[in-house]
Amino acid sequence: QVQLVESGGGLVQPGGSLRLSCAASGSIFRVNTMSWYRQAPGKQRELVAQTYSSGSTNYADSVKGRFTISRDNAKNTVYLRMNSLKPEDTAVYYCHGILQTYPSSPLANYWGQGTQVTVSS
C-alpha cells in the first residue's frame, strides 16, 4: 500500500512563511505528478501547485510568486514553500500523487490526510 504523509502545517502570522512536506512511502515503482491542493471551509478543493516528472511546474494564479513547489525524487518527497502568507491562504492542504506501484500496474491517484495551515494575527 502507498501512503502520502504531510507535515509542516501550523499557525503563522500574515506575511510569514511555512514549508510543507509530503513523503510517499510503500510499494512505489514510479512517481509521476505530485501536487498540492487546499480546501478552505465552505469551499471546494482547489489545485495550488503541481510538479511533473519532467521537472516542470504549474501554479494557481493566487499563489504565483509566493509559493514554490519542489520534489526530491530519491526520497519520493514533495515540498511546498509558502512565503508572504495571507489570511486567505488558510485551508487544509492536501498532497496528491499520481504513482505507479509496479511496472505492470496503471498509474493511480493517492491522497494524503491533509495538514492545517492557518494564517492569522
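The values are calculated or read from the model by the stated rules, or taken from the named source; none is laboratory data. Everything quoted here is computed from the prediction, not taken from an experiment. Backbone-built Cβ (ideal geometry, glycine too); neighbour counts: all protein chains shown. Just the protein is used for accessible areas: all its heavy atoms, side chains included, with ligands, DNA and RNA removed. Shrake-Rupley method; radii C 1.70, N 1.55, O 1.52, S 1.80 Å.
Observations
- The set of residues in the range 111-120 that are over 10 Å from the mean Cα position of the chain (by Cα) and either of a type outside the set (Ser, Thr, Tyr) or open to solvent by 50 Å² or more (accessible area, probe 1.4 Å) (or both) comprises Gln113, Gln116, Val117, Val119, Ser120.
- Failed item, numbered, when Cys95 is tested on (1) on the phi > 0 side of the Ramachandran plot; (2) surrounded by 15 or more Cβ atoms within 10 Å (Cβ to Cβ): (1)
- Every condition in (1) over 17 Å from Gln3 (Cβ atoms); (2) open to solvent by 50 Å² or more (accessible area, probe 1.4 Å) holds for Thr33 except the one numbered (2).
- Residue in the range 2-14 that is touching a Gly at 6+ places or on another chain (Cβ under 6 Å) and polar (S, T, N, Q) present: yes
- Long-range neighbours under 8 Å by Cβ, at least six apart or interchain, first residue more than 27 Å from Lys86 (Cβ to Cβ) within the range 48-74, second polar (S, T, N, Q): Ser53/Asn32; Ser53/Thr33
- Tally of residues being touching a Pro at 6+ places or on another chain (Cβ under 7 Å) and under 11 Å from Val48 (Cβ atoms) across the range 62-91: 0
- Test: residue in the range 65-84 that is closer than 22 Å to Val5 by Cβ, at pLDDT below 95, among the polar types (S, T, N, Q) and in contact with a strand residue (DSSP E or B) (Cβ under 9 Å, 6 or more places away or on another chain): yes
Here is a yes/no grid of residues against (1) open to solvent by 20 Å² or more (accessible area, probe 1.4 Å); (2) among the small types (Gly, Ala, Ser); (3) in contact with a Leu (Cβ under 8 Å, 6 or more places away or on another chain):
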residue	(1), (2), (3)
Gln1	yes, no, no
Gly10	yes, yes, yes
Cys22	no, no, yes
Tyr52	yes, no, no
Asp61	yes, no, no
Thr68	yes, no, yes
Arg71	yes, no, no
Lys86	yes, no, no
Ser104	yes, yes, no
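- The strands (runs of 3 or more DSSP E) falling completely within the range 50-121 that include 3 or more residues that are among the polar types (S, T, N, Q) map to 115-119.
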